[in-house]
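This report concerns only the one structure given below.
The values are calculated or read from the model by the stated rules, or taken from the named source; none is laboratory data. Everything quoted here is computed from the prediction, not taken from an experiment. Glycine gets a Cβ as well: all are built from the backbone with ideal geometry, and neighbour counts include every protein chain shown. Accessible surface is based on the protein model in full, side chains and every heavy atom, while ligands, DNA and RNA are left aside. Shrake-Rupley method; radii C 1.70, N 1.55, O 1.52, S 1.80 Å.
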Amino acid sequence: MSAVGDSLDALFTSDEERLEYQYELLKAQREFDYRVSQLIASQNNAQASVNRSEAGSSHLFVAGWRPAIGWVGTIALAYQFIVYPLLLWIYPDSAPPHMEADILYAMMTGMLGLAGMRSIDKFKRTDTKKITGL
């Protein structure tokens, strides 16, 4: 008979038990979120340290990769939006090769950080050298 009572008790919980369960669940979620944010912050600090050492290097292949991507992107964008249309206009019968610009845009925005945040910094006149410690 106690087995039936235990089964019924497991099916029907009181409001207090439900609230206690929700409280414990929220507490565990908050602890998890806090630990995730700590891990992300430590990752960001480590990346900032790497960025500082790369920026301070005089070696072309260490400090020059961002400018290299910038120049490759500039050349590719110039081809895509200036040279390619001119070639189509000059030689309409023989189309020059078309470039996959989507891959270029994804690479440039990811590698060079060409996002809206830099525009916000410029609009607010934020001193970014003070923030990055450079």
Criterion first (of a type in the set (A, V, I, L, M, F, W, C) and modelled with pLDDT of 75 or more) does Phe32 satisfy it? yes
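One residue is enough: does segment 49-60 have a residue meeting the conditions part of a helix (DSSP H, G or I), open to solvent by 80 Å² or more (accessible area, probe 1.4 Å), under 21 Å from Thr109 (Cα atoms) and modelled with pLDDT of 80 or more? Spell out how you get there, then give the answer.
Here is the first cut: in segment 49-60, the ones part of a helix (DSSP H, G or I) are 49-56, 60.
Next, only the ones that are open to solvent by 80 Å² or more (accessible area, probe 1.4 Å) stay: 52, 60.
In the following step, the residues that additionally are under 21 Å from Thr109 (Cα atoms) were identified as 52.
Going one step further and asking which of them are modelled with pLDDT of 80 or more, we end up with none.
No: segment 49-60 contains no residue that is part of a helix (DSSP H, G or I), open to solvent by 80 Å² or more (accessible area, probe 1.4 Å), under 21 Å from Thr109 (Cα atoms) and modelled with pLDDT of 80 or more.
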Here the qualifying pairs (Cβ atoms under 6 Å; residues six or more apart or on different chains; first in segment 28-40 and on the phi > 0 side of the Ramachandran plot; second of a type in the set (S, T, N, Q) and part of a helix (DSSP H, G or I)) come out as none
Return a yes/no flag: does segment 67-76 have any residue that is modelled with pLDDT of 85 or more, open to solvent by less than 70 Å² (accessible area, probe 1.4 Å) and closer than 27 Å to Asn51 by Cα. yes
